[in-house]
Each structure stands twice: as C-alpha cells, then as structure tokens.
Amino acid sequence: MSVLSTELINEIRSSVNIVDVVSSYLPLIKRGKNYFGLCPFHNDKNPSMSVSPERQIYTCFSCGATGNVFNFIMDYENVSFVEAVKMVADKAGISINIGQAKPSFNKNSELYEIYEISQKFYQNNINTADGKKAKEYLLKRGITDDIIKDFGIGLSLKKNDLLTNLLMKKNYSPNSLLKSGLIVKNEYGYNDIYYNRIMFPLWDLNGRIVGYSGRVYEDEDSSKYINTRETEIFKKGEILYNYHRAKEECRIKQSVIVMEGFMDVIRAYTIGVKNVVATMGTAVTKSQAMLLKKMAKDIILCFDSDDAGYKAVINCSEELNKVGITPKVVILDDELDPDDYIKKFGKELFIRKIENPINLIDFKLNYLKKGLDLTNSEEFAGYINNVIKELAKIEDEILRELTLNKLSEEAKIDITILRNRLAHFNLEKDVSVKQEIKKEKPIKIDKYVKAEQNLLYYMLHSKEVIKIYNKKITFMPTEKYRLLAKEISYFYKKYNYIDIADFLSMINDSPNLIKTAGEIMSLDLKEDYTIDEINDYIEVIKEYNIKSEINRLKEKMRLEVDPIKKAELAQKIVKLKVEGEIND
C-alpha cells in the first residue's frame, strides 16, 4: 500500500468522473443510467462493460472485470496502484508526490538487478575504445548516438567471461546467473552467452530490461541474431517490443503500427514515427492481441512484404479478429521490410504508406490470388469460395456488400449467387456457434449460495444491511463470500459509511476479493430491498449453518462408542432441529 492517506486517495478518486476517464481509453455509449463499451480485458465483441457514474465503478458482465477508476487504470496501463493514483491525480490537477514508485519484484528481484547491471556494463563497453568498430557499424546504418542512447544499445566484448566475473564479484549465486539466461555453464566453467555482439535490450511492459537480442557486426558467418531464451521474467508471447515507450504516443494518435522486428521499430523512430511496436518476429499471441487492443483504436500491420510477411499478416489478423479487432495493412514495395524500405525510399514515402493503409479484406483478396491461375475454372472457383469464407467473418455489412459487388464484377457472376453462397457460410457458422453454446452447462446455484450473494449485494449498497449482518450472522458458508463480508464489515466499522468505489480502493491489493466483489456487483437485482427480504436471506444462511452442524454431530455420534455421550449428541441434534425448524 502507498504512503498516501486513505482520505487523500478517496479525495483523488472522487475528483474525477470514471465515465470521463474510461471514455478517454475506449468509446462508451449511454444506455439508461449507465454507459457501455467493449471490455478491454477479454475478447469482447459486444459491449459488455458497464460504467456507472452513480457508483463510480465499472463491471464487465462477461469476464467479471470490475473496480473503480484506479483499478481500471492499473489493469489497462499495467501499472501499480500508487502509479494509478498519481495518474488520476494528474488528470484532476491534484499535485501529489509518490516518490520513485519502484515495483516490488519479489522472487525475481535478483534477475531484474542482474539485467540492470548487464545493461550498464554493455552500454559502457560501446562508449570505450573497444566499442569503436561497433559504433561505426551502427552509425553507417543510420543509428545515431541519440538512438543508441534512447534504446540502450550496448556491446558485449570478445572475452566471454567479463559479465560473469562482474556479477560473481557482486555475490550473485551461480544459480541466479544461470536462471537469468545471460550465463551458461560448460566444461570450462561459467561463461557469458553473449560476446562480441551489439546488444539490443528487450523490455517488459513496465520498461524493465528482461532480455537481449545480440547482433554480429564483424563475422557474418555466425548467427546474425541471438535472442535471450525465455526465463521467469522474459516471456516473448506476453510482451511487445517498445510497448512502454510507445503506449502514450499510440493513445495520442489513436493508432498503433505493428512490425515484426525491433530494428524496424528503431528505424521508424529515426524518422519520427513513434507509435510503433514489434512482435519480435513470432506469431502474435492472444496476450499480445489484448495488449494491442488496449493501446489504440486503429491497428496497422506493417510487416515484411515477402511471402512470409504476408502469411504473418494473415495469422496476426486472425488472432486480432478473435479479440474484436480488424486491422489495416501496409504493403511495402520490392518485398522489403520496414527497416530496408525506409533506408531505400526515405521518410516521406514511408509515412505516405502508413497514412494510407488498405483494409484487411482487400489485402486478403490480393493474397488469396497469389500463385493461382485464374484462367483455370477450378482454381477460380476455389478463390471465390475462399473470399466468401473471409466475408463471412466480417460484421461490417457495407464492406461486405462492396466486396461482393467487386467480386461479382471480377468473376462475372450474378451477385445473387454470391449472396446465397455467403448466406450458406453464415448458416454453417451460426450452427457451429449454437453447438458450442449447447456444450456449456448452466451453473446451478442453490438457495444457500443465492442467499449469500444477495445479502452481500445489499451490504455493498447499504450500511443498514451491514448492521443487520453484524448483529445476526456469525458465519458465511462460502469462503470467498465470508472473506468479502468480513472486509465490508471492517470498512464500515472503520469509516462509518459504505461506498463501493472507496471500498475497492481499500482492497486494491487483493485481486481475488475484487473479483468476488465484481461477481456480486454484476448480479441483476433490484436496487430497493425490504427488511423482510434481508431477514429471509439471513434465515436461509442460518439454516445452512445449522444443517452443517447437525451433519457434523451425526458423524461424531456414528463414531462414538460411549452410549451416554451418544445420547448427549442426539439431544443436541434434536435441539438444533427445533431451533432451526428443520425436519428430516
């Protein structure tokens, strides 16, 4: 938790309207009292996130994501609670000093430290006499001193134990060195993985160095690049190169340009294109697709313009489609990658390409034709069917209709035939979806769980219900609901009021509690309640507790051999049944 007082945190939270903050990240539409938008925390294709200006909270009815303005920024921006508070304070014009907000690294803190030291070591090397050739190599390729500094580019020297010796002198254990992915053990002892290579740092989402890509600059016979293997802190599929540096620029421009390699990103930076990230040359994962979805409204794919790059565009677009994004595509000339294209054709032509991307379906039309003999009726029919399959994935009716018209003219086929074929594919898709829905068994909620949930819902909305709970309930049967009830009760005792948004600030460091609170807040219950209803919930919970105790005593009686003790247990059971009005 931060050094900031609870009062100041609550003041900062209440100084902004959550609707204004959330709508600065994603479009919201007003429906009734609340606002709705596509949830950025799951593969949302229909607006399922509700933002309540009255309660100052958001809740997703599909994935259960919930919280106040701080929780939203924490999850969207991948920042800590204290950093989220600072960001909201800045939006509200409230000046606060949170000091140097340093993340707590827990079990991996040594690995992050090792990478900090390694980067300083490599950067120092490139600025020495031993780094002269490497720096000349970079300068010849248009990588200036400023870019070298901005991107932390360094150099591993020819001797292959320099970093190992430095880290061992700082008392890092051999096990930690091996876990870092920077050191290897062989028959000669411990040695550096990287030597005589230009070192390009790789960052996680928070801007911490977690790996390297080491490039040869003298011996072209070696592997051009060696990337750090995956470690506890470096998971390729969970990061995007340059994410931490590009995210603000992407928000301002409302677009993110996605490339394949880090050199493409660095080259784009040299000409002032800064809303750019890279996938590190691997297939885009669901995690990366979700990150891109949160970065900006428009996603532009600018991959290599060879056959492998085209395939990568198709694969990436499929993954983005799953999270509700239809990207646009930039096609570069001469089968070049962005790095080589910028070097060959210059800034103006590249920016013109970026500013005029083509839509995905037009890209696919061109791609699906590649290598086909369209004078061959069979191949032409296959092409038409593949285009219609792609159109079945598109929800934009106007784009579908325009493409059908284009296809009709190209193929000299009546558009009615194409529409019927499209309807056939859509029907197959609908049947498939319905079958998937049928497979999902509805979760049955018994009356006891329902009573707990409903009671908690009204506890989050009324101090009167909290008072009744404190007076009449001693034990909630379900552990997660018991913990939530305990925290609600504690909040009320401490502050003498209940406010959902402030309560969520208090439990910000307990993700499971926030998730449970979200589950409760997403219940479709009426706002008003009667004391009789609250008492009914309490009676049902008491009934469960009494039945549980009766079952416990019955089991104890079954195992008891002393007839007197057995009779005493039987009397207790009868007494509980009478008190709880329970019949067998």
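The values are calculated or read from the model by the stated rules, or taken from the named source; none is laboratory data. This is a predicted model, so every value here is computed, not measured. With ideal geometry, Cβ positions are generated from the backbone for all residues, glycine too; neighbour counts draw on all protein chains shown.
What the table shows:
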item	result
Filter pass, Asp536 being in contact (Cβ under 8 Å) with a residue 40 or more places away in the chain, among the acidic types (Asp, Glu) and surrounded by fewer than 15 Cβ atoms within 10 Å (Cβ to Cβ)	yes
Scan of the stretch 181-196 for residues that are part of a loop (DSSP other than H, G, I, E, B) and within 20 Å of Ser223 (Cβ to Cβ), ordered by number	Gly181, Leu182, Ile193, Tyr194, Tyr195, Asn196
Counted residues, the stretch 270-285 - those being surrounded by fewer than 19 Cβ atoms within 10 Å (Cβ to Cβ), of a type outside the set (S, T, N, Q) and modelled with pLDDT of 90 or more	3
Filtered residue count, the stretch 309-350, keeping only those that are under 29 Å from His42 (Cα atoms) and outside any loop (DSSP other than H, G, I, E, B)	16
Selection status of Ile73, assigned to a loop (DSSP other than H, G, I, E, B) and under 24 Å from Ser15 (Cβ atoms)	no
Subset of the stretch 148-180 (residues that are acidic (Asp, Glu) and assigned to a helix (DSSP H, G or I))	Asp150
Test: residue in the stretch 197-211 that is modelled with pLDDT of 95 or more and either in a loop (DSSP other than H, G, I, E, B) or hydroxyl-bearing (Ser, Thr, Tyr) (or both)	no
Extreme residue, modelled with the lowest pLDDT, among residues of the stretch 393-412 that are of a type in the set (A, V, I, L, M) and under 21 Å from Lys370 (Cβ atoms)	Ile394
Residue in the stretch 240-258 that is free of Cβ contacts under 8 Å to residues at least 60 places away in the same chain, under 20 Å from Ala283 (Cα atoms) and in contact with a Gly (Cβ under 9 Å, 6 or more places away or on another chain) present	yes
Test set (1) assigned to a helix (DSSP H, G or I); (2) surrounded by fewer than 17 Cβ atoms within 10 Å (Cβ to Cβ); (3) among the β-branched types (Val, Ile, Thr) - Ile413 fails condition number	(1)
Count of the stretch 61-75 residues which are in contact (Cβ under 8 Å) with a residue 60 or more places away in the chain and within 10 Å of Gly518 (Cα to Cα)	5
Candidate set from the stretch 157-203 (those that are charged (D, E, K, R) and in contact (Cβ under 8 Å) with a residue 40 or more places away in the chain); member that is surrounded by the fewest Cβ atoms within 10 Å (Cβ to Cβ)	Lys170
Any helices (runs of 4 or more DSSP H) falling wholly within the stretch 472-543 and containing at least 1 residues that are over 20 Å from Pro53 (Cα atoms) and not charged (D, E, K, R)	479-495, 511-521
Residues of the stretch 68-110 classified as farther than 18 Å from Val21 by Cβ and at pLDDT 80 or above, total	4
Residue in the stretch 237-258 that is charged (D, E, K, R), surrounded by fewer than 17 Cβ atoms within 10 Å (Cβ to Cβ), assigned to a loop (DSSP other than H, G, I, E, B) and at pLDDT below 95 present	no
Scan of the stretch 491-539 for residues that are of a type in the set (S, T, N, Q) and within 34 Å of the chain's Cα centre (by Cα), ordered by number	Ser505, Asn508, Ser510, Asn512, Thr516, Ser522
Unique residue being among the aliphatic types (A, V, I, L, M), in a helix (DSSP H, G or I) and buried (at least 18 other Cβ atoms within 10 Å of the Cβ) when the list is Val79, Val22	Val22
Residue within the stretch 85-103 that is among the polar types (S, T, N, Q) and under 17 Å from the mean Cα position of the chain (by Cα) present	no
Single match in Ile541, Ile531, Ile488, Ile520 (criterion: touching a helix residue (DSSP H, G or I) at 6+ places or on another chain (Cβ under 8 Å), among the hydrophobic types (A, V, I, L, M, F, W, C) and surrounded by fewer than 18 Cβ atoms within 10 Å (Cβ to Cβ))	Ile531
Qualifying position, being out of contact with any helix residue (DSSP H, G or I) (no Cβ under 8 Å at 6 or more places or on another chain), closer than 28 Å to Ala289 by Cα and assigned by TED's automatic domain parsing to the domain that holds Cys302, among Ile325, Ile351, Ile331, Ile342	Ile351
